[in-house]
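Everything below concerns the one structure shown next.
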Ligand SMILES: Cc1ncc(COP(=O)(O)O)c(C=O)c1O
């Protein structure tokens, strides 16, 4: 039987990471993979994570199974971080999941089981894994417009028009709470209000992917779009990932949160989420969630962690500005200042597939073929090399 299995297509971004690792050229630069990096190219363990782990090593006294919905103190911390005082926490059925990916899948499984045929609207473009996750769960995926034709800003009227014209009551709308991946282009708060209004009017339900809290404008500021949606919409699904803002990529820490119209509905929602988890991975891993719970529940660690998140965000924003200035200095007539208003680790650079190939082949600089760059992969010491290479590429490919 298995001899008939065909080879699945490779993941394009991970394929580039492989090619980068094998590239022998000195001075190569990798702006592809979605992880935070320091100036030295490291993806470090946060100091607060190390401190929490020391604490856990000394106090943890069991590796017994976790409850199906996960670590209770962690969940209280997460619900606080995500909803603050904007919403009665009793309306939230929350479960710990293996990363944000696990949250998206459990949320989608729960909906698909009880509301077969449900459709979900995805921004065009969106994170490459969204379509596969939702389709694997049995949801029907459709896309709504997001980018302007020059790929440097949001085409808000096209987005609204698509949802207005094609959306139906009961459809889910997948929205990136902040730091849209892959474009870095987010709606303004005024635009979020219009999105909230439209969804409420049409009876569509926000399915919010919150993978970068703290990487846009700040931990609290980044939750405002979600709070804006919830002011007008009484139901939602929210999927958080703590891979980036705690640097806990490989520990797989996330949470799915289903917001019901009233607290009396939460028990049923949680029981269904538990069922979706039970037949998938049974119960979640302990370590990452215990680490996050330790940090969030200790006021000193909590405030140190906020500073660490702020430092990551500041470094990314410095790199954005340094890149814009660096491109100006090359004298090239392409203006990159639109990158300044983009948020988070990623940006659409406006470069095309052919230019991405040129940069890889001629200069050992790796970016995704769509033009997406990971700004967190930039460093001051290589900025001139990068900018000169992009300027040369633009001249060579005009
Ligand atoms: C938009 C978006 N959602 C979800 C995820 C999944 O995060 P995790 O690694 O925690 O599964 C990512 C990760 O890159 C992402 O960019």
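A short reminder: the numbers here are calculations on the coordinates, not readings from a lab. All values derive from a computational prediction rather than experimental measurement. All Cβ positions, even for glycine, are placed from backbone atoms using ideal geometry, and neighbour counts span all protein chains on display.
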Worksheet item: Ordered by packing density, taken as the mean number of other Cβ atoms within 10 Å over each peptide's residues, highest first, how do 28-38, 302-312, 247-257 rank?
Response: 247-257, 28-38, 302-312
Worksheet item: Helix 299-329 sits at what angle to the longest principal axis of the chain, using alpha carbons and giving 0 to 90 degrees rounded to 10?
Response: 30
Worksheet, complete the sentence: The computed P(r) of segment 322-398 puts the percent of Cα pairs beyond 20 Å at 21
Worksheet, complete the sentence: Computed over the chain: longest principal axis from alpha-carbon atoms vs helix 353-363 long axis, angle to nearest 10 degrees, is 60
Worksheet entry | the chain, relative contact order in percent, only Cα pairs under 8 angstrom and at least six apart counted | 25
Worksheet item: Can you give the % of DSSP beta bridges in segment 193-281 that are antiparallel, to the nearest 5?
Response: 60
Worksheet entry | DSSP beta bridges in the chain [antiparallel fraction, %, rounded to 5] | 45
Worksheet entry | Normalised contact order of segment 65-297, rounded percent, pairs of Cα under 8 Å and 6 or more residues apart | 32
Worksheet item: So what is the 222 nm mean residue ellipticity for the chain from helices alone, if each DSSP H run of at least 4 adds -39500 (n - 2.57) and you divide by all residues, rounding to the nearest 500 deg cm²/dmol?
Response: -14000 deg cm²/dmol
Discussion item. If you take every DSSP beta bridge fully contained in segment 65-297, what fraction is antiparallel? Give it as a percent rounded to 5.
Written reply: 45
Worksheet item: At what distance in angstrom do the alpha carbon centres of segment 240-290 and segment 109-185 lie from each other?
Response: 22
Worksheet item: Per the Debye formula with a single identical scatterer at each Cα and no solvent contribution, what log10 I(q)/I(0) holds for segment 159-278 at q = 0.17 Å⁻¹?
Response: -0.93
Worksheet entry | C-alpha long axis of helix 99-114 to longest principal axis of the chain, angle in ° | 50
Practice prompt. Given the options 109, 18, 314, state which has the largest fluctuation in a GNM of the chain using a 10 Å cut-off (strictly under) for Cα springs.
Written response: 18
Worksheet item: Extent of segment 65-297 along each principal axis, from alpha carbon coordinates, in Å, largest to smallest?
Response: 49, 36, 31
Worksheet item: Just how many % of Cα pairs in the chain lie over 40 Å apart, if you round to the nearest whole percent?
Response: 16
Worksheet, complete the sentence: The FRET efficiency for residue 140 and residue 165, from their Cβ-Cβ distance with R0 = 22 Å and rounded to 0.05, is 0.85
Response to the item:
Whole-percent tail of the Cα-Cα distance distribution for segment 191-244, cut at 17 Å, equals 35
Practice prompt. Determine the gain in length on full extension of the stretch residue 158-residue 63; use 0.36 nm per residue of separation and subtract their C-alpha separation, reporting nm with one decimal.
Written response: 29.1 nm
Worksheet item: In whole angstrom, and with the biggest value first, how far do the Cα coordinates of segment 1-91 range along each principal axis?
Response: 51, 47, 36
